[in-house]
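Q: One structure coming up, written as structure tokens, with questions to follow.
The values are calculated or read from the model by the stated rules, or taken from the named source; none is laboratory data. These numbers were taken from a predicted model, which means no experiment stands behind them. With ideal geometry, Cβ positions are generated from the backbone for all residues, glycine too; neighbour counts draw on all protein chains shown. These accessible areas exclude ligands, DNA and RNA; they are computed on the full protein's heavy atoms, side chains included. Shrake-Rupley method; radii C 1.70, N 1.55, O 1.52, S 1.80 Å.
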Amino acid sequence: MGTICKDQDPGEETTVEFRELDCRGLSCPLPVLETKKALERLERGGLRVIVDNEAIEGPSLDRAVIFQTHALLPWRTVMGNVAYAVASKWRKWSPSRVRERAQKFIDLVGLSGAEGKRPAELSGGMKQRVAVARTLAADPAVMLMDEPFASVDAQTRITLQEELNAIARATRKTILFVTHNVEEAVFLGDRCCVLSRRPGRVKALVPVPIPRERRTWRLLTADPTFAATRDLVLRLVREEVGGEDGAR
């Protein structure tokens, strides 16, 4: 799966489309993100979001969001949090079938053995893994990730980035990943969608021509293609936050 961002001339509608493509991830390094104003534009009819040729009119279990904070239910265990998402999607499933599916995704994110722990007993990185497992277990058509690794330490962030890449390869989910970190955007994205400052239009779509099987920090640190793509995206972002001269 993949994503396309389309932006028309001022005064016309802005459309974000999700369609079947040969790529799966889109990273958005954002100089400015004004969520409230974006929602106001949506309400006025100036923004349309289309998934698989259908306009989005309201909330749905076909779309899931992972925020900077994990948003786990503190009174539920790891298993309980993931199973809750499964039971919400498939209400007629038996408890054993719900647990079986929840266990599959707990194992996928590397939390086998932690099923009985509550959020207060988990590290920040483990909490975000639970959030990812909970989202994947509900099988959404689109995963929206809003800087999900911003609150963890640097080492954990690197680990989670590599794990997310492995999960993207395994599940082939459409993932829209929002970040202010340019290296993170290039590492995770099949394409990087750079947004402008106000009014926040699509400035550029930059392809990342690096196979996902090579997406480890050990391999990419000295990779010339990664460096060139990162520098291009960084230049585009810096133009929006003051330009080359203003950034010095």
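Q: What accessible area per residue comes out for region 162-221, rounded to a whole number of Å², with a 1.4 Å probe?
A: Numbers: 2640 Å² over 60 residues.
It amounts to 44 Å² per residue over region 162-221.
Q: Between Arg76 and Ser96, with labels modelled 7 Å along Cα→Cβ, what's the label distance in nm to one decimal, could you check?
A: 2.2
Q: Taking 20 °C and 1.002 mPa s as the conditions, I'd like the Stokes-Einstein D for region 65-160 in µm²/s, using the Kirkwood hydrodynamic radius from alpha carbon pairs.
A: Numbers: Rh = 13.3 Å.
Here the translational diffusion coefficient equals 161 µm²/s.
Q: Using a 1.4 Å probe on the protein heavy atoms, what percent of the accessible area of region 103-144 belongs to carbon and sulfur?
A: Values: 790 of 1580 Å².
Ligands and nucleic acids excluded, carbon and sulfur reach 50 percent.
Q: For the charge dipole of region 155-248, defined by +1 on Lys and Arg C-beta atoms and -1 on Asp and Glu C-beta atoms about the Cα centroid, which residue among Asn165, Leu176, Val233 has the Cα displaced farthest towards the positive pole?
A: Checking the options against the dipole of region 155-248, the answer is Leu176.
Q: Report the local net charge at Pro74: Lys and Arg +1, Asp and Glu -1, summed over other residues whose C-beta lies under 12 Å from its C-beta.
A: Residues close to Pro74 contribute a combined charge of +3.
Q: Given the Cα-Cα distance of Ala120 and Arg201 and 0.36 nm per residue of separation, how much length would full extension add, in nm? Numbers along the way, then the final one.
A: On the way: separation 81, 0.36 × 81 = 29.16 nm, distance 3.98 nm.
Length difference between fully extended and current span is 25.2 nm.
Q: With only Lys, Arg, Asp and Glu charged, each at its Cβ (+1 for the first two, -1 for the last two), find how big the charge dipole of region 127-248 is about the Cα centre; round to the nearest 20 debye. Don't jump to the answer; show the numbers that get you there.
A: Working: 20 positive and 16 negative charges, 53 e Å.
The dipole magnitude comes to about 260 debye.
Q: Which stretch or stretches of region 160-177 have amide N atoms under 15 Å from the point lying 7 Å from Thr216's Cα along the Cα→Cβ direction?
A: 160-167
Q: Calculate the spin-label point distance for Arg172 paired with Thr69, positioning each point 7 Å from the Cα along the beta-carbon direction, and give it in nanometres.
A: So the two model labels end up 3.7 nm from each other.
Q: If you roll a 1.4 Å probe over region 155-203 with all protein chains in place, what percent of the accessible area is carbon or sulfur? Can you show the working numbers first?
A: Working: 920 of 1940 Å².
Ligands and nucleic acids excluded, carbon and sulfur give 48 percent.
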